[in-house]
Amino acid sequence: MKRRHFIIPDTQCKAGVPTDHFRWLAQAIEEYKPDRVIHLGDHWDFQSVSRHAAAGSKEKEGQRILKDIEAGNEALAMLGDIKADKYILRGNHEHRLNRFIDENPILEGVVGEHLFNDNQLGWKPVLYKHGSPQAIELDGVQYAHYFANPNTGKPIGGTASYKLAAIGSPFVQGHVQGYDIGTKQYATGRTIRGIVAGSCYLHDEPYKGMANAHWRGAVVLNEVERGEFSEMPLTMDYLCRKYEGMSLARFMQRKYKNAKSRFTVAN
């Protein structure tokens, strides 16, 4: 039976960033009526416990773990009552929280994934275990936040085509910003594909600088059966034009002060 998958790449929610696109995603899910919705992970950003910024630095000022959790919970609730099987993958950003609790065991039971609202909203979490994300197979497609090298435990690098050869089966992963697809055709005529899509947010990440000008959006897989599918990427600009009636740049400039200097997508 052929199915439709709606894929939400990394959303990296944190306090103070725009979340307008969650309305557009909710509308798109309602319109496309997928059988399955798969969130690729890094929904809760946990900038407050990131190791990228030193404790006591300006980047850490005013940040709180509970604010991080609330920001992700509020955004996820914006997707509404989805009439489909819903899976949400844990990424390395969610793992920041568990790692921080391991280093500060006094917090165990006080904060943690039990405060996430995904279970309450009917999502099925795919956990991050033993230092790497777990994978789930849906209709012959392997989904993971990223696929780990079995020898090092680190993410398999390189292009989507390289990852496809290393993974050996149709796959979709997040983790890496942008959009990349790899294809392998066999002598039998069968073709398998691998997709890397790791950015579904409007804000800029300070550490990326000019590299923030990457693809952002969602992906629909049509006719999914036994690992084969027809992919349909939905850019953030497309979603904005469809549901706001204007370009993404124009929308951001109208809604947010100094948008051109704050958000790459506003240019």
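The values are calculated or read from the model by the stated rules, or taken from the named source; none is laboratory data. Everything quoted here is computed from the prediction, not taken from an experiment. Because the Cβ atoms are built from the backbone with ideal geometry, glycine has one as well, and the counts that use them run over all protein chains shown. When the accessible area is computed, the model is the full protein with side chains, heavy atoms only, and any ligands, DNA or RNA have been set aside. Shrake-Rupley method; radii C 1.70, N 1.55, O 1.52, S 1.80 Å.
Which residues, counting only those in the range 89-130, are of a type in the set (A, V, I, L, M), open to solvent by 50 Å² or more (accessible area, probe 1.4 Å) and over 19 Å from S50 (Cβ atoms)?
If the condition is that a residue be of a type in the set (A, V, I, L, M), open to solvent by 50 Å² or more (accessible area, probe 1.4 Å) and over 19 Å from S50 (Cβ atoms), then I106, V110, L121, L127 are the ones that fit.
For a quick check of your reading: which strands (runs of 3 or more DSSP E) sit entirely within the range 107-168 and have at least 3 residues that are under 15 Å from H39 (Cβ atoms) and at pLDDT 95 or above? Break it down stepwise before answering.
Values: elements: 124-126, 136-138, 141-144.
Output list reads 124-126, 141-144.
Within the range 89-115, which residues are within 22 Å of the chain's Cα centre (by Cα), farther than 16 Å from A71 by Cα and hydrophobic (A, V, I, L, M, F, W, C)?
Across the range 89-115, the qualifying residues are L89, F100.
Collect the residues in the range 65-84 that are open to solvent by 60 Å² or more (accessible area, probe 1.4 Å) and charged (D, E, K, R), keeping them in residue-number order.
K67, E70, E74, D81, K83
Of these, V141, V176, which one is aliphatic (A, V, I, L, M) and closer than 30 Å to K255 by Cβ?
Within the list V141, V176, the selection yields V176.
What pairs come out if I take residues in the range 234-246 that are touching a residue at least 24 places away in the same chain (Cβ under 8 Å) and pair them with residues that are among the polar types (S, T, N, Q) and in a helix (DSSP H, G or I) whose C-beta lies under 7 Å away, six or more apart or interchain?
Within 7 Å, the pairs are Y243/Q27.
So, in the range 141-198, how many residues would count as being touching a Pro at 6+ places or on another chain (Cβ under 7 Å), within 24 Å of M236 (Cβ to Cβ), free of Cβ contacts under 8 Å to residues at least 40 places away in the same chain and open to solvent by 10 Å² or more (accessible area, probe 1.4 Å)?
Of the residues in the range 141-198, 1 are touching a Pro at 6+ places or on another chain (Cβ under 7 Å), within 24 Å of M236 (Cβ to Cβ), free of Cβ contacts under 8 Å to residues at least 40 places away in the same chain and open to solvent by 10 Å² or more (accessible area, probe 1.4 Å).
Hey, could you check the range 2-17 for residues that are surrounded by fewer than 21 Cβ atoms within 10 Å (Cβ to Cβ) and touching a strand residue (DSSP E or B) at 6+ places or on another chain (Cβ under 7 Å) and say which is nearest to R96 (Cα to Cα)?
Of everything passing the filter in the range 2-17, R4 is nearest to R96 (Cα to Cα).
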